[in-house]
1. Say we look at the stretch 17-71 and pick out the residues that are at pLDDT below 95 and of a type in the set (Lys, Arg); which of these is farthest from Phe327 (Cα to Cα)?
2. Within the set of pairs 6 or more residues apart or between chains, which connect a residue that is over 26 Å from Glu43 (Cβ atoms) inside the stretch 1-26 to a residue that is surrounded by 14 or more Cβ atoms within 10 Å (Cβ to Cβ) with Cβ atoms less than 6 Å apart?
3. Does the stretch 143-172 hold any residues that are open to solvent by 20 Å² or more (accessible area, probe 1.4 Å) and not in a loop (DSSP other than H, G, I, E, B), and which are they?
4. Hand me the list of helices (runs of 4 or more DSSP H) wholly inside the stretch 195-291 holding 1 or more residues that are charged (D, E, K, R), over 20 Å from Leu122 (Cα atoms) and open to solvent by 20 Å² or more (accessible area, probe 1.4 Å).
5. How many of the residues making up the stretch 312-370 are closer than 15 Å to Leu406 by Cβ, of a type outside the set (S, T, N, Q), surrounded by fewer than 21 Cβ atoms within 10 Å (Cβ to Cβ) and without any contact (Cβ under 8 Å) to a residue 24 or more places away in the chain?
6. Take the conditions closer than 19 Å to Gly219 by Cβ, open to solvent by 10 Å² or more (accessible area, probe 1.4 Å) and either polar (S, T, N, Q) or out of contact with any helix residue (DSSP H, G or I) (no Cβ under 6 Å at 6 or more places or on another chain) (or both) and apply them to Arg186. Does it pass?
7. Tell me, which residue of the stretch 42-94 that is at positive phi and in contact (Cβ under 8 Å) with a residue 12 or more places away in the chain is surrounded by the fewest Cβ atoms within 10 Å (Cβ to Cβ)?
8. Looking at the stretch 372-406, which of its residues are among the small types (Gly, Ala, Ser), open to solvent by less than 60 Å² (accessible area, probe 1.4 Å) and part of a helix (DSSP H, G or I)?
Amino acid sequence: MRIAQRAQRIEPFYVMELAKAAASMAAGARPGERSMIYLNIGEPDFTAPPLVVAAAERAIRDGRSQYTPATGLPALRQAISSWYASRFGLSIDPGRIVVTAGASAALQLACLALIEAGDEVLMPDPSYPCNRQFVQAAEGRAVLVPSGADQRFQLSAAQVEAHWTAATRGVLLASPSNPTGTSIAREELERIARLVRERGGITLVDEIYLGLSYEEAYGHSALGLPDGLGDEVISINSFSKYFSMTGWRLGWLVLPTALVPAVERLAQNLFICPSTIAQHAALACFEPDSLTEYERRRAAFKARRDHFIPELNRLGLSVPVMPDGAFYAWADVSGLCARWGIPPTGARPDEGGSWALAFELMKRCQLATTPGRDFGTAEPGRFLRFSTANSMAQLQEAVTRMEQAL
C-alpha cells in the first residue's frame, strides 16, 4: 500500500515512546517495588469540576446531542467572549470565535485556511512538536529558529526580521509555551506583530496555557495588542489545560472577522461540529463556582512550580528561566549526564543526552520525564522537560528519589 508523502513527512511524537516504556516498566514491577511517578505528560491531574460534569449529564439525559452549528453553540461563543471581558478586559465579538474539536482542530483549521504549499512559518526552537506538524500537514514548512534562555526561549522581532524570506507566510508562537512555560514579553510580541503586519503575513498565537499564568508582567492575550494588531491575530485556545477538560476535545479560535467564513466552510466539511455534549458541559465552566475552583487550581499549580523548580536547581538540574505559566520545568541536564557518564547526543538523536537520561531516570528513580528530542533540533540532548501537573506529594517524592540517586 502506498502511503502519501504528506503522512510520511509527519514525525513521530517521541514523548509517547517514553510513555510506553514507562508503562511497560511499571507493569513489570514486582509487589512492594516503588511505583512509577509520571512527570512526562502535559495533562492536568485535575479533571472537570462538578458543575461541568453535571451539565454534561443533563445534556445527555435531556437528549441535547444533535449537531450544533459548525462554529459552535451561540451561547458558548458568547460565554467565551464574556470570559475575555472579565478575565482580560477585552471586548471580543462572539462572531469572531469559532469553537473547535480541541486546540488541535483549531490549529488544523487555521493552517488549512492560511497556508499554501511551500509557505514557511517561523517558530521558536524549542516548541511544541505537534504545532509544526500542523504546518507540515497543510503542505507548509516549519522553520525552527533557535531561541535561547536569554530571550526566554521565545522568538524575538530581530530573529523574525532576519529569517523572513519571500517564502515566509508568518509566525506561529506559543505564550505561555510548551515545553518551557515561558511567555513572550508584551513589548516584544507587539514588535513581532507589527513586523509581520508590515510584510503582509499572519501571526498565530497558541494561548492554550494563558489561563495558567502566574506573573502580572505576562498573562496578557495577544488579542489585546494595540493599534488593531490584536484584531489581526489568530489566537488558538482550549478547554484542556486551565479548564481541565483534556479528553472532552474542545477548543476555540479567535479570528479576524474576514477569516471566519473560510474557517466555517472548512469546519463544516472536516468536522461538522465539535462534540455537542462537551459544548453544553463547557457552558458550566463559566459559572462563578467553577471559576472559583479553577482559580484555586491555578494557585495549586503555582505552588507546585514554586516548590519544584528551586529543588531542581538545588540538585543541579538547572532551569535557566523560571516559567511564568503552564506546568513545565525545562531543565538543563548536561551536568547530570556528565555525572552519570552519559555522552552528549550523537549523530542519532536517540543516543546519549537527555534521551538516554530519561531512561536512566526511569530505571534508577522510577521517574518518567520527557527528553528534548520532540521539541526541536537546536539542543535536543541538553534539556529535559518535567511536568508539574501532578500532586505536591508526588513532586516531593520525585525530588527525594533523584536526590538519593545523586
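1. The selected residue is Arg30.
2. Once the first residue is over 26 Å from Glu43 (Cβ atoms) and sits in the stretch 1-26, its partners that are surrounded by 14 or more Cβ atoms within 10 Å (Cβ to Cβ) give Arg9/Gln136.
3. Result: Val143, Leu144, Pro146, Ala149, Asp150, Gln151, Ala158, Gln159, Glu161, Ala162, His163, Arg169.
4. In the stretch 195-291, 229-232, 260-270 are the helices (runs of 4 or more DSSP H) which contain 1 or more residues that are charged (D, E, K, R), over 20 Å from Leu122 (Cα atoms) and open to solvent by 20 Å² or more (accessible area, probe 1.4 Å).
5. Final tally of qualifying residues: 6.
6. Yes, satisfied.
7. So, considering only residues that are at positive phi and in contact (Cβ under 8 Å) with a residue 12 or more places away in the chain, the one surrounded by the fewest Cβ atoms within 10 Å (Cβ to Cβ) is Gly89.
8. Matches in the stretch 372-406: Gly372, Ala398, Ala405.
The values are calculated or read from the model by the stated rules, or taken from the named source; none is laboratory data. This is a predicted model, so every value here is computed, not measured. Note that we place each Cβ from the backbone using ideal geometry, even for glycine, and neighbour counts take in every protein chain shown. The accessibility values were calculated without ligands, DNA or RNA, using every heavy atom of the protein model including side chains. Shrake-Rupley method; radii C 1.70, N 1.55, O 1.52, S 1.80 Å.
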